[in-house]
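The next block holds one structure in the form of structure tokens; read it before the comments.
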Amino acid sequence: MRYALITDHIVAKLYGKKLCHHLHKMGYDIALFSFPAGEASKTRQTKERLEDGLLKHHYSRDTTIIALGGGVVTDLAGFLAATYCRGVSLILIPTTLMAMCDAAIGGKTGVNTPCGKNMIGAFYLPHAIHIHPGFLKTLPEQELFCGTVEILKAGLIADAELFFNFSSFSVEEALGRAIEVKRRIVAHDMHDVGKRRFLNLGHTLGHAIEAASGFQLSHGKAVAMGIVLEAKISHRLGLLNTTALSHIEAAFPPVVLPCPYEAIMQPLTLDKKGRFSFVLLQDIADPVVKEVPVAIIEEIVHDAFMCTC
Ligand code: GLY
């Protein structure tokens with residue numbers, strides 16, 4: 001068996017080179033392949049460059065890809081493993097809190113295109129996922145926040161105790177519970193045709209806010225605002241009671257929307273149906289997918305903007 005350790009330049013410096021050297025000394029036939037860190041690298045072009053590197057070094061079907069890094073690395077290297085020689089063995093070692101509790105779990109792999117995120121990819125399960133919270137020691141604050149939002153989201157969709165008692169759990173316990181939420185959902189809906197959509201709570205408006213800010217706002221902050229706004233929509237539609245809404249508002253930082261707030265609505269109004277499908281909450285840990293009239297989304301986003309300016 002030959003091993004290809006795929007990572008980004010930052011993780012290569014922090015851990016990748018050491019891990020590769022260590023495994024090599026233990027007798028593994030392993031080499032490191034890296035690419036520039038960041039979402040901008042998650043492309044077909046980067047995948048092609050990595051594939052060409054593997055081909056040049058005569059990697060064949062007896063290859064195991066080890067993906068070491070955050071969600072960009074696990075998504076990209078996972079997709080590469082799914083297609084290289086029609087599919088080779090894959091081991092994931094997520095190094096960010098977000099990748100540990102979300103991106104590395106559930107077999108979604110893929111790359112972005114100018115037409116949208118993750119538009120090209122495959123469902124491809126790894127042979128193993130190694131999760132070491134020790135990696136979190138070098139993780140920037142912003143990345144830790146992003147993972148915390150994903151853990152709270154897991155609580156909001158399926159684990160009320162995790163949501164309400166988040167601060168009393170250790171990182172390992174909270175992470176373990178969030179992984180279990182995702183494992184249970186994916187076990188029933190691997191191909192994202194039903195309940196897996198619940199995992200998108202906060203992400204519809206979150207992505208719109210992130211894009212409207214020109215990607216100045218971090219993904220974590222944008223999704224946190226998306227969760228609060230989608231909870232407000234749930235309340236406005238009479239699905240979620242006021243007490244549950246105030247618990248959700250208290251769990252996340254205040255919503256401060258980027259200007260002009262109309263930009264947030266742009267991707268939603270492009271949809272000519274006049275209604276948009278959202279993951280909403282009927283209670284903590286009781287999600288539902290519903291079509292929401294664009295006028296109501298507009299009202300909630302407008303009110304949130306007026307409250308913060
Ligand atoms: N991150 C959402 C999913 O895995 O379905």
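The values are calculated or read from the model by the stated rules, or taken from the named source; none is laboratory data. The shown structure was predicted, so the numbers you read here are calculated from the model rather than taken from an experiment. Note that each Cβ is placed from the backbone with ideal geometry, even for glycine, and that neighbours are counted across all protein chains shown. The accessibility values were calculated without ligands, DNA or RNA, using every heavy atom of the protein model including side chains. Shrake-Rupley method; radii C 1.70, N 1.55, O 1.52, S 1.80 Å.
Apply the Debye scattering formula to the range 1-145, with a single equal point scatterer on each alpha-carbon and no solvent, then give log10 I(q)/I(0) at q = 0.09, 0.12, 0.13 Å⁻¹.
Listed by q, the Debye log ratios stand at -0.24, -0.43, -0.50.
So which of 182/221; 47/108; 117/195; 47/182 end up more than 23 Å apart by C-alpha?
47/182
With a ≥ b ≥ c taken as the square roots of the eigenvalues of the C-alpha gyration tensor of the range 118-159, please select rounded if a/c is under 1.5 and otherwise prolate if a/b is larger than b/c or oblate if it is not?
oblate
Between the alpha-carbon centers of the range 1-79 and the range 194-236, tell me the distance in whole angstrom.
Here the two parts' Cα centres lie 31 Å apart.
Sort 85, 307 by accessible area with a 1.4 Å probe, largest first.
Output order, biggest surface exposure first: 307, 85.
Place +1 on the Cβ of every Lys and Arg and -1 on the Cβ of every Asp and Glu in the range 11-111, take the dipole about the Cα centre, and give the residue among 101, 65, 19 whose Cα lies farthest towards its positive end.
19
Quickly rank 131-140, 9-18 as a protection proxy: mean count of other C-beta atoms within 10 Å, highest first.
Highest-to-lowest ranking by the protection proxy: 9-18, 131-140.
Could the peptides 225-231, 50-56, 105-111, 199-205 be put in order, highest first, of the mean number of other beta-carbon atoms found within 10 Å of their residues?
Averaged packing, sorted descending, gives the order 225-231, 199-205, 105-111, 50-56.
Would you calculate the convex hull of the Cα atoms in the range 41-99 and tell me its volume per residue in Å³?
Values: hull volume 3.9 nm³, N = 59.
Cα convex hull per residue, to the nearest whole number: 67 Å³.
At 1.4 Å probe radius, can you tell me the per residue accessible area of the range 1-87 in Å²? Don't jump to the answer; show the numbers that get you there.
Values: 4430 Å² over 87 residues.
Result: 51 Å² of accessible area for each residue.
Compute the label zone of residue 273 within the range 225-242: residues whose backbone N is under 11 Å from the point 7 Å along Cα-to-Cβ.
Under cut-off, by backbone N: nothing.
What is the local net charge at residue 302, summed over the other residues whose Cβ is closer than 13 Å to its Cβ (Lys, Arg +1; Asp, Glu -1)?
Here the count lands on -2.
Membrane-span-like helices in the chain: DSSP H runs reaching 15 Å or more (Cα, own axis), mean Kyte hydropathy at least -0.5?
71-83, 141-158, 171-188, 219-236, 294-308
How much mean residue ellipticity at 222 nm does the chain get from its helices, if each DSSP H run of length 4 or more adds -39500 (n - 2.57) and you divide by all residues, to the nearest 500 deg cm²/dmol? Provide the component values of the computation, followed by the final result.
Working: 11 runs with 137 residues, N = 309.
Taking each H run of at least 4 residues, the total per residue is -14000 deg cm²/dmol.
With a 1.4 Å probe and every protein chain left in place, work out the accessible area per residue of the range 174-302 in Å², rounded to a whole number.
45 Å²
Answer rounded, prolate or oblate for the range 75-128, using the Cα gyration tensor with square roots of eigenvalues a ≥ b ≥ c: rounded when a/c is under 1.5, else prolate when a/b is larger than b/c, else oblate.
The shape class here is oblate.
Which whole-number percent is the relative contact order of the chain (Cα, under 8 Å, 6+ apart)?
12 percent
For the chain, which whole-number percentage of the solvent-accessible area (1.4 Å probe, protein heavy atoms only) is attributable to carbon and sulfur atoms?
57 percent
Over the chain, what lengths in whole Å, largest first, do the semi-axes of the equivalent ellipsoid take, defined as the square roots of 5 times the eigenvalues of the alpha-carbon gyration tensor?
Result for the chain: semi-axes of 36, 20, 17 Å.
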